[in-house]
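The numbers here are math on the coordinates, done by the rules we state, and not lab data. Source: prediction; values computed, not measured. Heads up, the Cβs are rebuilt from the backbone with ideal geometry, glycines too, and the neighbour counts pull from every protein chain shown.
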Amino acid sequence: MIALQHISKWVTNGGLRTFLLKDINLQIEEGEFVSIMGPSGSGKSTLLNVIGMLDDADEGEYNFLGQSIHTMKEKQRSQLYKAHIGFVFQAYHLIDELTVYENIETPLLYQDTKSAERKAMVGDMLDRFNIVGKKDLFPNQLSGGQQQLVGIARSLIASPKLLLADEPTGNLNSKQGEEIMDLFKQLNEEDGVTIIQVTHSEKNAAYGNRIINLLDGRIEHPR
Amino acid sequence: MNRNYLIVALRNFWKHKVLSLINIVGLAIGISASLVIYLIVSHDFSYDKFHPDRDLLYRVVSKIEFPDLTIHNSGVPAPTAAAARQEIPGLATVTIFRTNGEMKVSIPAADNQNVGVYRKEKDIIYADPQYFETFQYKWLAGSRAAALANPHSVVLAESKAKKYFPGIKPADIIGRQVIYDDTIKTMVNGIVEDFKETTHFTFGEFISLSTLEQSALADFYSWKDWNSISSNTQMFVKLDPGMQPAKIEKQLAELRNRHRERRDKDKKDDTQHFLQSLNQIHFNTDYDTFEQRQAHLPTLYGLLAVASFLLLLGCINFINLATAHASTRSKEIGIRKTLGGSKANIRIQFLSETFVLTLLATIVSIFITPWLLMVFGDFIPPAVTTASVYQWHVWLFLLALILAVSLLSGYYPAYILSKMQPMAVLNQRANAHSSGSGKIWLRKILTTSQFVIAQFLLIATLVVSKQVRYSLSKDLGYKKDAIVYFSVPRNFYSDKKDDRRLVLQQKLKALPGIEKLSLSAEPPASGSTSTTTMEFANGDKKMETMVEVKFADTSYFNLYGMKLVAGNNLQQSDTTKEYVINETYAKLLGFKNPADAVGKFIERDFLVPITGVISDFHTKSTHEAIKPLAYSSATKRSYTFHLALPTGTRNAANWSNTLAKVEREFKSIYPEEEFSYSFYDDSLAKMYKAEQDATSLLQWASGLCLLISALGMLGLVIFITNSRTKEIGVRKVLGASVSHIVMLLSKDFLSLVLLAFLIALPLSWIVMNNWLQDFAYRTNLSWWLFAISGLGMMVIAVVTLSIRTIKAATANPVESLKVE
């Protein structure tokens, strides 16, 4: 599903190149649940953003579902992204001015889904996550765990093939964290969603079926 | 999709209430001003658009050239029409008609018992039968062909028919009698529908022109004279399709030559005729249109400039505030982009947000429009009212305006916002707004231009009002306080001698409370002017000069405090027997010492002696230089009473008492007339109406511009202080004083205001200096005018800024640091 070859990314500071990612080669198949680990600043989030097409690599090739992303125009890439990728953030990143319902609905708006269909899809999602009663609340009226639940619901609304999660439990207590991880596992096993998560926690990483360790922008060979 | 945008837009407006309010107020003022201008312009352009073949319709007008004066007259010599009809090919129709002032209309009842009397009826003309061929009316009774064929016929418009013959069917009104001014008896021969669209042709009664031609009026109006031109006698033609107006003008000149030559062969012809398109008659103020209101293009342009300034300032506020606040929206944009929103999506979202805001501003502006219509009442045609808003094309205009304003003010902020990189704004929130140094630069330019406009208008306001004050307080060469004048009626129709005014003069002389009394013509300065060519033989050389002629009696100069510098006062006489000239004329004639002019003769039909010279005074507004002038005594032409009342506050209380007595005497002699008088100083002030109107327009415009600019600055300073809360806290902890922090926050703005002043200074100097050149007598552009306006602007800026900066500076640093 995802093939990265010789991916590098750097920033130039005072004529000096600092590598954020260096010569990354990575293959991820459909249905995998991958955890990316590593110390702060090792390039975990950068890698996730490159995979998620939110960021460009400076060098290397990236194939997603058999299409080469690095040669694609922004419009096509955005089309591909909208259809197949969902993002979950550590800081939830819900839109403060929108209610739970409207937040979940927003990705569908960008895909021009019809109104009736949208209603049904959001309704299903609210049901599935047991947050029907909270649909008219605003993000600041929810607890962190609830907000992240909404964030995940929003990332899944367009039925993506790939879910990218950047420390999804980082701001949550351990009980809330466990619930989220259980949910991820269930999504992966029952719905066949490919998941790539960035995490600091060994325990959370263990939910996945593969762990990639990053250090200073390079992949460390599996132990 | 739009519902989602709308919701976010409204919630955002609510969240940033002050900001939204500033934007809405700014835009609403601009939009209302544009709306009002649009109403005026669309009204002015709606005149007489409905006539069939209106592009073939022309008015024949005249231009008369004198040595140093050109007179434009909207009329022609009356015989021109008949001759043109006979001799000029290419004219489909030719019509001539004569307009009248107010007339008395009497309607004998069907049984001839009672007579209905309507004293002051307007819109009555003498028209030839071709009038109704040239202008198409709908006939309710009678026929177009026959209605005006015979003398003593009249055609009434429906409105007048209903007034004179209430409840009677048009067909039954035919044959009824209508009597004008007790002498002209006519029979109703047709009823037409009034023109319903906007038109100058508001005539309601059409008396057959042959009525005039067969009566003594023909002589009185010089109806057969090729040299007499009156703007009351107007000629319209309809050209054959494809005919060039220039060709007709050439033939008119030839026509005039043929007919004129038979009479005044030796004199050079000074008169030319032109064809004026019907589309032009509302706009060309050189030629009046039945003494109705015409569009005044300079005023229209002025208003247009004001409206676009106000609109521009509102848009600038929006752009400034939207880009300044972009950082507060950056998180939302980042998220939207990660959810699949493209640049175009984001742009459309923010443009529709601007659209909603503009829409709200427009709704507000519809509510403030009646107020604006009131404030600018002096510039607005009376036909434009609040009800004018409810026309489909006005709504179309508003829609177009909303779209234009949304794009103008929303595009740049939308562009800036859509360019944000999602990961950059989501991860590095702290420096999200430091990235846009380009935006700050633009904001400074926009803010400066706002203040340049406001500063410019402020200076202009001060200069114009200074000039008006100067004009009104200038020594004009005569006394103007406590003088009242009024006219008595004069019967133009009868040749009988009317000495009633002399009786009134005797009665008024007996009244206490009147210090001085004069029976003359116009006061020293008035709207109307009468000029003539006078010849003076200086040795062999003949000097021909355009001289303004005025009439006085023996007490006139004394009453108006005008000084005789040489010779004697006029002696009472029925017609002109001698002249008192002004110093300018004396100098022009070559007399360095005015006394030398006394005893010389001016050549008229006979030699008229100069008996005195008076010192110069202004007969017009200070726009114009003092020109040659001659006074003579002519009781025959004296129909205006001038009363000098005793001055002093105690005496002033008695004025109304005195005037009431004057009215009683007036009524005893002219029982049917209305008594209306004017205080001379009031009517003088009216001569500066254009300037005073301009002053009030400028006052409002500069006030509103200042308001919008100050609001914009307030919005920016709110944003700046909010984003620098932490810095202010740290500085305070480090020991900065309140004044230090206020200065820190205000410094940038104040330097922009100063820069704006420096730009506006030369600009306004040039423009206002140019404007003052229009006045022969003008105030000077004093340095303090500029100083005051610059200082005033600075004070406004400081006050506006301090609303927010002082609060920020006195805030407890512990609080502000805790929040972050």
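Observations
- Modelled FRET efficiency - R0 45 Å, B:HIS393 with B:THR647, Cβ distances, 0.05 increments: 0.20
- Spacing of the two label points (7 Å from each Cα toward its C-beta) at A:GLN141 and B:VAL767, in nm: 5.3 nm
- Cα centre as origin, Lys/Arg/Asp/Glu Cβ charges: chain A dipole, Debye: 160 debye
- Considering only beta bridges that DSSP places wholly inside the protein assembly as shown, some 75 percent are antiparallel.
- Whole-angstrom gap from the stretch A:110-145 to the stretch B:602-635, using each part's C-alpha centre: 92 Å
- Fraction of antiparallel bridges per DSSP, the stretch A:87-223 only, in percent to nearest 5: 30 percent
- Alpha-carbon centroids, the stretch B:361-431 and the stretch B:756-820: separation in whole Å: 26 Å
- The base-10 log of I(q)/I(0) for chain B, evaluated at q = 0.10, 0.11 Å⁻¹, reads -1.20, -1.32 [Debye formula, identical scatterers on Cα atoms, solvent excluded].
- Extension reserve of the B:PHE367-B:GLU291 stretch, reckoned as 0.36 nm per residue once the Cα distance is removed: 24.0 nm
- Residue among A:SER174, A:GLY14, A:SER68 farthest towards the positive dipole end of the stretch A:2-220, charges placed on Cβ: A:GLY14
- Loop-located trypsin sites (Lys or Arg not before Pro) in the stretch B:293-369 (DSSP state other than H, G, I, E, B) with a sparse environment of at most 14 neighbouring Cβ atoms within 10 Å: B:ARG293.
- Over the protein assembly as shown, DSSP H runs of length four or greater, each weighted -39,500 (n - 2.57), average out per residue to a 222 nm ellipticity of -14500 deg cm²/dmol.
- Under 17 Å of direct C-alpha separation, and excluding same-chain neighbours fewer than eight residues apart, B:LYS689 reaches these aspartates and glutamates: B:ASP378, B:GLU624, B:ASP681, B:ASP774.
- Taking 7 Å steps out from each Cα toward its Cβ at B:ALA344 and B:ALA216 produces label points 8.5 nm apart.
- Rg/Rg_ref, the protein assembly as shown, where Rg_ref = 2.2 N^0.38 Å and atoms are Cα: 1.37
- Neighbouring Cβ atoms from other chains, within 10 Å of the Cβ of residues in B:3-13, number 3 on average.
- A:LYS175-B:VAL798 FRET efficiency (beta carbon distance; Förster radius 60 Å; 0.05 resolution): 0.55
- Members of A:LYS44/A:LYS75; B:LYS138/B:LYS196; B:LYS474/B:LYS587 lying beyond 20 Å, as alpha-carbon distances in this model show: A:LYS44/A:LYS75; B:LYS474/B:LYS587
- Here the spin labels are modelled as points 7 Å beyond Cα on the Cα-Cβ line, and at B:SER573 and B:ALA253 they lie 4.2 nm apart.
- Each of A:GLN79, B:PHE50, A:GLY151 was scored by the projection of its Cα onto the charge dipole of the protein assembly as shown, and the greatest displacement toward the positive side belongs to A:GLY151; charges sit on the C-beta of Lys, Arg, Asp and Glu.
- Relative contact order for chain B: 14 percent, from Cα pairs under 8 Å spaced at least 6 residues apart, divided by residue count.
- In a DSSP loop and with at most 13 other Cβ atoms within 10 Å, the trypsin sites (Lys or Arg not before Pro) in the stretch B:46-116 are B:LYS49.
- Charges were assigned to the Cβ only: +1 to each Lys and Arg, -1 to each Asp and Glu. The resulting dipole of chain B about its Cα centre is roughly 3640 debye.
- Gain on full extension, evaluated as 0.36 nm per residue between B:SER530 and B:ASN4 minus their Cα-Cα distance, stands at 182.1 nm.
- Built amide H within the under 5 Å cut-off of A:GLY60, gap 5+: A:SER8
- Selection among B:HIS296, B:PHE397, B:ALA387 by position relative to the dipole of the stretch B:287-422 gives B:PHE397 as farthest towards the positive end (Cβ unit charges, Cα centre).
- Backbone N within the stretch A:83-97 under 20 Å of label point (7 Å from A:HIS200 Cα along the Cβ vector): A:88-93
- Choice from A:ASN63, A:ASN213, A:ASN13 with maximal GNM fluctuation in chain A (Cα, 10 Å cutoff): A:ASN13
- Summary value for the stretch B:483-686: 33 percent relative contact order, contacts being C-alpha pairs under 8 angstrom separated by 6+ residues.
- For A:GLY123, neighbours were defined as the other residues whose beta-carbon sits under 13 Å from its Cβ, and their charges (Lys and Arg +1, Asp and Glu -1) total 0.
- Applying a DSSP loop filter and a limit of 16 other Cβ atoms within 10 Å to the GluC sites (Glu not before Pro) in the stretch B:258-342 leaves B:GLU291.
- With Cα atoms, 0 to 90° folded angle of helix A:174-186 axis to chain A main axis: 80 degrees
- When the P(r) of the stretch B:483-686 is calculated, the portion above 22 Å amounts to 52% of the C-alpha pairs.
- Largest-first ellipsoid semi-axes for the stretch B:557-650, taking √(5λ) over the Cα gyration tensor eigenvalues, angstrom: 24, 18, 13
- Normalised contact order of the stretch B:174-286, rounded percent, pairs of Cα under 8 Å and 6 or more residues apart: 14 percent
- The base-10 log of I(q)/I(0) for the stretch B:60-125, evaluated at q = 0.17, 0.19, 0.24, 0.25 Å⁻¹, reads -0.81, -0.87, -1.03, -1.06 [Debye formula, identical scatterers on Cα atoms, solvent excluded].
- To the nearest ten degrees, helix B:738-772 and the longest principal axis of the Cα atoms of chain B are 20 degrees apart.
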